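*Asks:* One structure, as structure tokens, below. Some questions next.
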Amino acid sequence: MLREERFNKADRIIAVGFWANAGLMTMKLLAGYFGKSEAVVADGLESACDFIAILSTMIALKVGRQPFDPKHPYGHGKAESIAAVLVSLVIFSTGIGILVKAVHTITDRTYQTPDLIAVLAALITIGVKEWLYRYTVSTGKRLESPALAAVAKDHRKDAVTSVATLVGVSGAYLGAGIMDPLAAGLTSFFIFHIGYETCMGAIHDLMDGLPSGDLIQLISEVAEAVDGVEHVHEIRGRRSGQYVIIDLKLDMDPEMTVKRSHDIATTVKRLIFEQFPNVGDVMIHINPHDEEHEDLIRL
């Protein structure tokens, strides 16, 4: 998949989520207001918060798709991880708001009896948000985009929230008013968990944490299978948005010419690019295989 195609796919997924969220937000605010349901109104306000998350992701993808330049020689992919952190903060704040509201409603006993339209709004939201989650997460996995993964989790969070809203509103509609705030309060803890996972994954990438161990192992196997490579001395990787940057040290014959070793390194890099479309760059260092040497590093 070409670089431009990757970002175009991500843009389309984000745009679908943006407009779907706009429709759901409007529907829930109107249904909650006219249906006399605080839970559905809160769900609508929570959808409004999602605009911040989706907007930040759209900005991040626009920044991240810019190629490397003299000031950013490794590209702008980290913008996606920064956006994922911002999304996680929105998720956390949403969970806190729902929990605080639920506690106040229970302690103040300000229960309401909602209308059927509020129940239907929650039901529609569940279906739409679950579809958005599956649609977004499938593309996010193919592109290995942290921003899309964060947005997908936000959609799943919305679906979970709306399940609790549906249970609470249905219970309140049938006469058990306390079910509404109780369900909302329990849902907030699921929301905290989703926010935590999103935040930790983004921070891992921002701290140049090692990508999937399977990916590193597979790249090592591809390099060692090339004729002239004696051994992969060391391999490191770090994520930059939708791409992974690989640092590779190869042991080779010390009597080999510079031209020959360069050709082998080029072959290794070309094979890695062909087999791993999410690898953005490969830096290769060559060592003589028949002698011990000390790696110079200050980290």
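*Asks:* So, in region 104-119, exactly how many residues are open to solvent by less than 60 Å² (accessible area, probe 1.4 Å) and either closer than 26 Å to ILE54 by Cβ or part of a helix (DSSP H, G or I) (or both)?
*Replies:* Number of matching residues: 4.
*Asks:* Please list, ordered by first then second residue, the pairs with beta carbon atoms under 7 Å, 6 or more apart or interchain, first in region 100-111 and more than 10 Å from GLU38 (Cα to Cα), second hydroxyl-bearing (Ser, Thr, Tyr) and open to solvent by 80 Å² or more (accessible area, probe 1.4 Å).
*Replies:* none
*Asks:* Go through region 70-83 and give me each residue that's out of contact with any helix residue (DSSP H, G or I) (no Cβ under 7 Å at 6 or more places or on another chain) and more than 19 Å from ILE246 (Cα to Cα).
*Replies:* PRO70, LYS71
*Asks:* Among the residues of region 245-294, what is the count of those that are in contact (Cβ under 8 Å) with a residue 60 or more places away in the chain and not acidic (Asp, Glu)?
*Replies:* Qualifying residue count, region 245-294: 6.
*Asks:* Of the residues LYS141, LYS101, only one is surrounded by fewer than 22 Cβ atoms within 10 Å (Cβ to Cβ), out of contact with any His (no Cβ under 6 Å at 6 or more places or on another chain) and under 19 Å from PHE192 (Cα atoms); which?
*Replies:* It is LYS101.
*Asks:* Same structure again: What's the number of the condition ILE13 fails, among (1) crowded, with 23+ Cβ neighbours inside 10 Å; (2) touching a Cys at 6+ places or on another chain (Cβ under 7 Å)?
*Replies:* (2)
*Asks:* Which ones in region 55-99 are in contact with a Phe, Trp or Tyr (Cβ under 7 Å, 6 or more places away or on another chain) and without any contact (Cβ under 8 Å) to a residue 40 or more places away in the chain?
*Replies:* If the condition is that a residue be in contact with a Phe, Trp or Tyr (Cβ under 7 Å, 6 or more places away or on another chain) and without any contact (Cβ under 8 Å) to a residue 40 or more places away in the chain, then PHE68 is the only one that fits.
*Asks:* Quickly run through region 228-286 and pick out the residues that are open to solvent by less than 50 Å² (accessible area, probe 1.4 Å), of a type outside the set (A, V, I, L, M), more than 20 Å from GLY75 (Cβ to Cβ) and in contact with a Lys or Arg (Cβ under 8 Å, 6 or more places away or on another chain).
*Replies:* GLY228
*Asks:* Do you know which of the residues in region 31-44 that are in contact (Cβ under 8 Å) with a residue 40 or more places away in the chain and part of a helix (DSSP H, G or I) is surrounded by the fewest Cβ atoms within 10 Å (Cβ to Cβ)?
*Replies:* It comes out as PHE34.
*Asks:* Right, another one. Scan region 120-161 residue by residue and report those that are in a helix (DSSP H, G or I) and acidic (Asp, Glu).
*Replies:* Residues satisfying the conditions are GLU130, ASP154, ASP158.
The values are calculated or read from the model by the stated rules, or taken from the named source; none is laboratory data. The shown structure was predicted, so the numbers you read here are calculated from the model rather than taken from an experiment. Here Cβ is always computed from backbone atoms with ideal geometry, including for glycine, and neighbour counts include all displayed protein chains. These accessible areas exclude ligands, DNA and RNA; they are computed on the full protein's heavy atoms, side chains included. Shrake-Rupley method; radii C 1.70, N 1.55, O 1.52, S 1.80 Å.
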